[in-house]
Amino acid sequence: MQRRVLPAFLALAALSACATEAERRHPAVVFFTEDSAALDDEARQVIAQVAERARARPLSPVIIRGFAAPDTGTASYNRTLSETRARQVADALVQAGVGQGRIRIEPRGAVPFELMAMEARRVEIVFGP
């Protein structure tokens, strides 16, 4: 009997360790001020919450997408700024106990004004499949 229960328990534990569909669809968002990659207190609170969820789901990769506003500078500058923002968030997650090997950074650069549904000066954090 124990042989059947243990594999079922392990399978259930593995499933609970993966990100839920809602977590993949609705990213956590860290906002930045114009032309800045500095983390404020609100950003650190979001990162702490994400780190807690990440530690509870050790099998899920953490994807960090950085964005910049199109009015900040050149395309190259915005790409660099979006990457710097994403790296700041990644570093904070690592400091909060999330394994660096689980984190993937995706700098997106500037978002065109006509496509901005949300504030462009942000980093989105999503859990992968």
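Values in this text are rule-based calculations from the coordinates and carry no lab data. None of these values were measured; they are calculated from a predicted model. Counting neighbours? That spans all protein chains shown, and the Cβs are built from the backbone with ideal geometry, glycine included.
Once you list every other residue whose beta carbon is under 15 Å from the beta carbon of Gly99, what net charge do they have if Lys and Arg are +1 and Asp and Glu are -1?
Residues close to Gly99 contribute a combined charge of +3.
Using a Förster radius of 30 Å, what is the FRET efficiency between Tyr77 and Glu52 based on their Cβ-Cβ separation? Nearest 0.05, please.
0.35
Given the Cα-Cα distance of Glu42 and Asp91 and 0.36 nm per residue of separation, how much length would full extension add, in nm?
Extending this stretch completely gives an extra 16.0 nm.
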